Amino acid sequence: MESLQTLSLGDRRIVAAWAADCAERVLGQFEAHAPDDPRPRDAIARTRAFARGELDVADEIRRRFVGGGAAREVKVPAAVAAARAAGQAAAVA
């Protein structure tokens, strides 16, 4: 069953690029507290790949919570928010 989207695929790719830019701006807040956890950075990289048309929407839908899941493993509010931003960026797909 297909979901109804209010944005075209092209528009979602534009929003994904913007969301990746936003998440990347705060990524250092997460990495300062969890430097060995690549999930948020990977989520941002996948979001950029989606924006470039290199990744399939269905695959990204299945993986959308991976980056944000890192938020459960840090305690500093800014680091939690940065991990969530990466997860939300990936969810744009």
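Structure data summary
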{"item": "In segment 24-34, the residues that are assigned to a loop (DSSP other than H, G, I, E, B) and open to solvent by less than 80 Å² (accessible area, probe 1.4 Å)", "result": "Ala32, Ala34"}
{"item": "Residue satisfying condition, being out of contact with any strand residue (DSSP E or B) (no Cβ under 6 Å at 6 or more places or on another chain) and outside any helix (DSSP H, G or I), within set Asp37, Asp21", "result": "Asp37"}
{"item": "Leading residue by the ranking (most open to solvent (accessible area, probe 1.4 Å)) among those in segment 52-93 that are at pLDDT below 90 and outside any helix (DSSP H, G or I)", "result": "Phe65"}
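Residue-wise test of (1) in contact (Cβ under 8 Å) with a residue 60 or more places away in the chain; (2) touching a helix residue (DSSP H, G or I) at 6+ places or on another chain (Cβ under 9 Å).
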site: Ser8; (1), (2): no, no
site: Arg13; (1), (2): no, yes
site: Ala20; (1), (2): yes, yes
site: Gly28; (1), (2): no, yes
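The values are calculated or read from the model by the stated rules, or taken from the named source; none is laboratory data. Since we're looking at a predicted model, the values are computed, not measured. In this analysis, Cβ positions are derived from the backbone assuming ideal geometry, glycine residues included, and neighbour counts consider all displayed protein chains. Ligands, DNA and RNA are stripped out before the accessible areas are found, and what is left, the full protein with its side chains, is counted by its heavy atoms. Shrake-Rupley method; radii C 1.70, N 1.55, O 1.52, S 1.80 Å.
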